[in-house]
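Each reported figure results from applying straightforward, stated rules to the coordinates on display, with no laboratory input. Note that the structure is a prediction, hence the values are computed from the model and not measured. Cβ: placed from backbone, ideal geometry, glycine included. Neighbour counts: every protein chain shown.
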Amino acid sequence: MKTFLCIGLGLTLVLITNITTGIVNGSGEGFVSHELLFIVITLNAIVYGGIYLFWLYDVHISLRERDESYPITPGGSVLRVLIPIYNIYGIWKVYSTMSHHFKNHLAEKNLGTKLANRIPILYVLYLVSSTINFYLGTWPAEESVSLGWLLSYIVDAALIVTYILIVNLVSTGLIKLSKEDSSNEEQLKSRLQ
């Protein structure tokens, strides 16, 4: 998951550089065809979007295996992300539930707090990105090298970085839950012997 997000970030940085080159040169063209880069980034986004859904499903399998009372099922987590309009609430619910779970079940409470702090950032960046991209969608195709597109790609890069941070926090939380479960089992075994 992190690999595809990093590839997406790298490609977005290439787009930023490409657009900056076109703006600085005043030619309106960068060093690589904007259309080609757009196709590659779109394909990468589709692939990591699919991987993200599998990752989210797997995360919730792990959470439910460790705690049957965890309130979100694997399928429910994917639906909360996929269903338009409902996902405005659903994405928040998925990550806020995870952050509460980490706060309540990990000795290290700050991991859940860090995850909770990333959720508003994710929403603000997503809203800004969607608004800018909607506005840019009304522009003529000839204006693909502009400050508007540069701003769009900078916000998209920040959004990808936020997703990378969230994936790291959730992965770390699952690893720590697993380690704490193992140490609790060992303590229980030693008391029973």
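If R₀ is 25 angstrom, what is the calculated FRET efficiency for the pair SER178 and SER96, using the beta carbon separation as r and rounding to 0.05? Kindly include the intermediate steps, with their values, before the conclusion.
Numbers: r = 22 Å, r/R0 = 0.87.
That gives a FRET efficiency of 0.70.
Quick check on region 72-145: what are the equivalent-ellipsoid semi-axes from the Cα gyration tensor, as sqrt(5λ), descending, whole Å? Let's see the in-between values first.
Details: eigenvalues 214, 50, 11 Å².
The three semi-axes for region 72-145 are 33, 16, 8 Å.
Got a sec to turn the phi values of region 116-126 into Karplus ³J(HN,Hα) couplings, 6.51 cos²θ - 1.76 cosθ + 1.60 with θ = phi - 60°, whole Hz, x for Gly and Pro?
4, 6, 7, 4, x, 4, 4, 5, 4, 5, 5
So how do SER77, SER130, SER152, SER69 line up by other beta-carbon neighbours within 10 Å, fewest first?
With the sparsest Cβ surroundings first, the list reads SER69, SER130, SER152, SER77.
For the residues SER182, SER171, what sequence is obtained by ranking on other C-beta atoms within 10 Å, fewest first?
SER182, SER171
Please work out the FRET efficiency for the pair THR17 and PHE134, using the Cβ-Cβ distance as r and a Förster radius of 35 Å; give the result to the nearest 0.05.
My answer for the efficiency is 0.90.
Which length gain, in nm to one decimal place, applies between ASN168 and PHE54 when the Cα-Cα distance is subtracted from 0.36 nm times their residue separation? Numbers along the way, then the final one.
On the way: separation 114, 0.36 × 114 = 41.04 nm, distance 1.58 nm.
Between ASN168 and PHE54, full extension yields an extra 39.5 nm.
Can you pull out the trypsin sites (Lys or Arg not before Pro) in region 30-124 that DSSP calls coil and that have at most 13 other Cβ atoms within 10 Å?
LYS109
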